[in-house]
Amino acid sequence: MNKQNIIDHTLKARKNASAPYSKYKVGAALETLDGTVVYGCNVESKAYPTTLCAERVAIFSAISSGYKDFKWLSVATEDGAYPCGSCRQIIAEYLGDAPIFVINSRTMSLLETSIDKLLPHPFK
Ligand code: THU
């Protein structure tokens, strides 16, 4: 899949964000080995810690649909933020060394990184 398609999917996922408290919308997408694209977005709760991050929503959704192997994961925010620590742990466990694309929705830029860089010495 080309980079523009990855940006388009991730921004589409971000539109579904439910972030009434932080107002900080996050979208995530991943591609499974068979070419299916699965979306995630942050879903906030009135009981704040119950909130789920976009990346984990995408990964848990894909896993719960039976997918096990992934080509890449992407995340989009208004400032190009990188995944939080909890999401890094789940990425390390379920995405292996798949590339991670970090998208800034304001500048429409895309950076590529890897879990090796984001979470050295993961607990596995
Ligand atoms: N958030 C994500 O969706 N992914 C991250 O990696 C970090 C934070 C969400 C959680 C919350 O809804 C909002 O961003 C502000 O923290």
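The values are calculated or read from the model by the stated rules, or taken from the named source; none is laboratory data. This structure is a prediction, so every number in the text was calculated from the model and none was measured. Neighbour counts run over all protein chains shown; Cβ positions are idealised from the backbone, glycine included.
Here are the numbers:
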quantity: Test: residue in the range 7-18 that is at pLDDT 95 or above, part of a loop (DSSP other than H, G, I, E, B) and either under 27 Å from Phe123 (Cα atoms) or not hydroxyl-bearing (Ser, Thr, Tyr) (or both); calculated: yes
quantity: Matching residues in the range 83-96 - criterion: being surrounded by fewer than 16 Cβ atoms within 10 Å (Cβ to Cβ) and either hydroxyl-bearing (Ser, Thr, Tyr) or more than 11 Å from the chain's Cα centre (by Cα) (or both); calculated: Gly85, Ser86, Glu93, Gly96
quantity: Single match in Phe60, Phe70 (criterion: surrounded by 15 or more Cβ atoms within 10 Å (Cβ to Cβ), of a type in the set (Phe, Trp, Tyr) and either closer than 19 Å to Asn5 by Cα or touching a helix residue (DSSP H, G or I) at 6+ places or on another chain (Cβ under 7 Å) (or both)); calculated: Phe70
quantity: Single residue of the range 19-48 satisfying the filter (aliphatic (A, V, I, L, M) and part of a loop (DSSP other than H, G, I, E, B)) that is nearest to the ligand (Cβ to nearest atom); calculated: Val26
